[in-house]
1. Does residue 381 qualify as being of a type in the set (Val, Ile, Thr), more than 17 Å from residue 62 (Cβ to Cβ) and modelled with pLDDT of 85 or more?
2. Kindly indicate the residue of the stretch 315-366 that is outside any helix (DSSP H, G or I) and not hydroxyl-bearing (Ser, Thr, Tyr) and also surrounded by the most Cβ atoms within 10 Å (Cβ to Cβ) among those meeting that condition.
3. Name the residues in the stretch 247-262 that are charged (D, E, K, R) and either crowded, with 18+ Cβ neighbours inside 10 Å or farther than 24 Å from residue 377 by Cβ (or both), would you?
4. Are any of the residues in the stretch 192-202 surrounded by 14 or more Cβ atoms within 10 Å (Cβ to Cβ), at pLDDT 90 or above and either closer than 25 Å to residue 18 by Cβ or among the β-branched types (Val, Ile, Thr) (or both)?
5. What residue, among those in the stretch 294-309 that are within 24 Å of residue 151 (Cα to Cα) and of a type in the set (A, V, I, L, M, F, W, C), is surrounded by the most Cβ atoms within 10 Å (Cβ to Cβ)?
6. If the Cβ limit is 7 Å and pairs must be 6+ apart or interchain, which residue in the stretch 104-132 that is crowded, with 21+ Cβ neighbours inside 10 Å pairs with which residue that is not in a helix (DSSP H, G or I)?
7. Taking residue 386 and the conditions (1) in a helix (DSSP H, G or I); (2) out of contact with any Phe, Trp or Tyr (no Cβ under 9 Å at 6 or more places or on another chain), which numbered condition does it fall short on, given that it satisfies the others?
8. Please work out if residue 140 is under 19 Å from residue 17 (Cβ atoms), surrounded by fewer than 23 Cβ atoms within 10 Å (Cβ to Cβ), touching a helix residue (DSSP H, G or I) at 6+ places or on another chain (Cβ under 9 Å) and among the hydroxyl-bearing types (Ser, Thr, Tyr).
Amino acid sequence: MQTPAALSTRRLILTLGLVALAAGFGQFGATSALGQVAKAFGTVTDQQTFTAQAGLSGGTIAIGLGVLRAASLLALPLSALADRVGRHRMLFVCGVSGLLVTASAALSPGFWWFVALFALARPALTAAGSLAQVMTAELTSSRLRVTALTIVAAGAAVGAGCSAILHGIFHGPDGFRILFACALAPALLMIVLVPRIPESRGPVHEASHIAHLGAIPVALRGRLAIVMGVTAAVGAVSGPANGFAFVYGENILKFRPQVVALVVTLSAVTGVIGLLIGRRLADRRGRRPTVVIGVLATAGTSLLAYSGGRPAFVIGYMVGVLAAAVLAPAGAALTTESFPGEVRASAAGWVGVAGVLGALVGLAIFGAVADATGTLAWAAVAAFLPGLPVLFFLRRLPETRGLALT
């Protein structure tokens, strides 16, 4: 028989997973509908150039995605503010406001309006996702932490998957507008669920309070630099790989939106398998080796997806979801466990900045090489591989498996 405390913990983890689902839906909406948006606001012809088939040039799409990623830099002060005013308050404000602005993108009259509104929503949703991970780590024991982070990562993935599936259902000329309007539902979910989550921030003592918003003590900056470097390398892969996936699948390979939605739905199975593998590896082998395996696998499968042809795309995407899922629990655990409570949310904000900067570099390289060569295979090689050597520096981080958070 389960004790009341155990049941309460399970309900808490489930609630945090649903909150992550809501944030994931809002964040992934722009990516899942990008191919449709490019067609709606661009010009598609029968010529064989990337621009003619996608509707907009690779550079324009990369700039739009870059603006969205750059906007996520503003998530740093929002996340850092949670170290001062509390996790619970910032999670509610960021989650609800980000989803409401996402819903307003349904009224976009042009491509750059779409970019601007999603850029306005992105910092809040990024901060909400980071805070959900931080609160999950702080509210669970070392024994349950990776399991809980796995469930939260699964929630974010399900939210992204729901966005992709709805995109496949609403495939008419204005389908993306219906998809964006659907963000009102997860906003309501946030309003209902977040008040049920307890505050996880401990008391902040005046002597240890950080004077400047987002500041990290000197002794921890080397550790932070390594985590940021690894996160930037992941961002350089995931930014272009995820950002161009629907444009490539629908506009270049000529998959119907329903087929892409089916691939995303089937990827849920590989994602669950990856999360289970990642949880087991992180608890048995440690956070650091699991992160290395996850990053290398993510890069390799992303290269396969863009190597050319429909089979390579489908296999690369589906196995890539598994690889990213292997990485997710260990990466979240390493980020939260490597820093003390008084700066944990600030550190999460800086790690988010690294991911954004890595994605911006990856998108810039990917878009430029795609336009110059006319193929995404060389663009993938140029964008995905240069950052991988940073994984060697993980040896300098302490292994945090089994650590009790302070």
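1. Taking the combined requirement at face value, the residue does not satisfy it.
2. If we take residues in the stretch 315-366 being outside any helix (DSSP H, G or I) and not hydroxyl-bearing (Ser, Thr, Tyr), then 339 is surrounded by the most Cβ atoms within 10 Å (Cβ to Cβ).
3. The answer is 250, and nothing else.
4. Yes; the residues of the stretch 192-202 include at least one that is surrounded by 14 or more Cβ atoms within 10 Å (Cβ to Cβ), at pLDDT 90 or above and either closer than 25 Å to residue 18 by Cβ or among the β-branched types (Val, Ile, Thr) (or both).
5. In this case the residue turns out to be 295.
6. 114/108
7. (1)
8. yes
The values are calculated or read from the model by the stated rules, or taken from the named source; none is laboratory data. The structure displayed is predicted, hence computed values, not measured ones. Here Cβ is always computed from backbone atoms with ideal geometry, including for glycine, and neighbour counts include all displayed protein chains.
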